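> I have a structure I would like to understand better, so I am pasting it below and will then ask my questions one at a time.
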Amino acid sequence: MASPAVVDDFKAFLLRGNVVDLAVGVVIGLAFGAVIAAFVADLLTPLIAAIFGSHDFSALTFTINGSVFRYGDFVNAVIAFLTVAAAVFFFVVRPVNALMARRKTEPPVDETTRNCPECLSGVPVDARRCAFCTSVIAG
């Protein structure tokens, strides 16, 4: 049986923020992957079938010197990748980027200082002479 010190160390390891955050990220990622896979399979694939007449290209082959090249599975994989990537980009990345852009605000402008025209140091608005380079500042 494990000693209490080992159990305490293991508990501390499991309850560290990084391990818990990683576990939550993996679970959320798996669930999100299922949502994207369902979106592609149930909505985008029938759309492709409506446009191209078929959604399964696995039967596509060609033969050279008796060798059969089954490129249809590759076409299926490329289409699946592109539809998943497009779904993630248009339905996740762009909306999240738009939300993040709205959250950004300009830092407040400090109206109590202005820049010295000679040395570009920040000096109080009411100052007549720069404390850094001693040049006269026009008021």
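The values are calculated or read from the model by the stated rules, or taken from the named source; none is laboratory data. Owing to the predicted nature of the structure, the values given are computational and were not obtained by experimental measurement. Using ideal geometry, Cβ is built from the backbone for each residue, glycine included, and neighbour counts are taken over all protein chains shown. What goes into the accessible areas is simple: the full protein's heavy atoms, side chains included, and nothing from ligands, DNA or RNA. Shrake-Rupley method; radii C 1.70, N 1.55, O 1.52, S 1.80 Å.
> Taking 0.36 nm per residue of separation and subtracting the Cα-Cα distance, what length does fully extending Thr105 through Ala59 add?
Numbers: separation 46, 0.36 × 46 = 16.56 nm, distance 5.43 nm.
In short, 11.1 nm is gained.
> Which value, in Å² rounded to 10, gives the accessible area of Arg94 with a 1.4 Å probe and all protein chains present?
130
> Would you mind giving the average projected area, over all directions, of the Cα convex hull of the chain in nm² with one decimal?
Values: hull surface 94.8 nm².
Directional mean of the projected Cα hull area for the chain stands at 23.7 nm².
> Using Cα pairs closer than 8 Å and at least 6 residues apart in sequence, work out the relative contact order for the chain, in percent.
On the way: 83 pairs, mean separation 14.7, N = 139.
With pairs under 8 Å counted, the relative contact order is 11 percent.
> Cut-off 10 angstrom, C-alpha nodes, Gaussian network model of the chain. Which of Val24, Val123, Val96 fluctuates the most?
Among Val24, Val123, Val96, the largest mean-square fluctuation in the Gaussian network model of the chain belongs to Val123.
> Give the accessible surface of the chain per residue, rounded to a whole number of Å², with probe radius 1.4 Å and ligands, DNA and RNA excluded.
Per residue, the chain has 81 Å² of solvent-accessible surface.
> Ok, one more. Excluding ligands and nucleic acids, what accessible area in Å² is computed for Asp56 using a 1.4 Å probe, to the nearest 10?
About 90 Å², rounded to the nearest 10.
> What FRET efficiency comes out for Val75 versus Asp9 if R0 is 41 angstrom and r is the Cβ-Cβ distance? Round to the nearest 0.05.
The formula returns an efficiency of 0.20 here.
> Let me ask something else. How far is helix 72-88 tilted off the main Cα axis of the chain, in degrees rounded to 10, range 0 to 90?
The answer is roughly 30 degrees.
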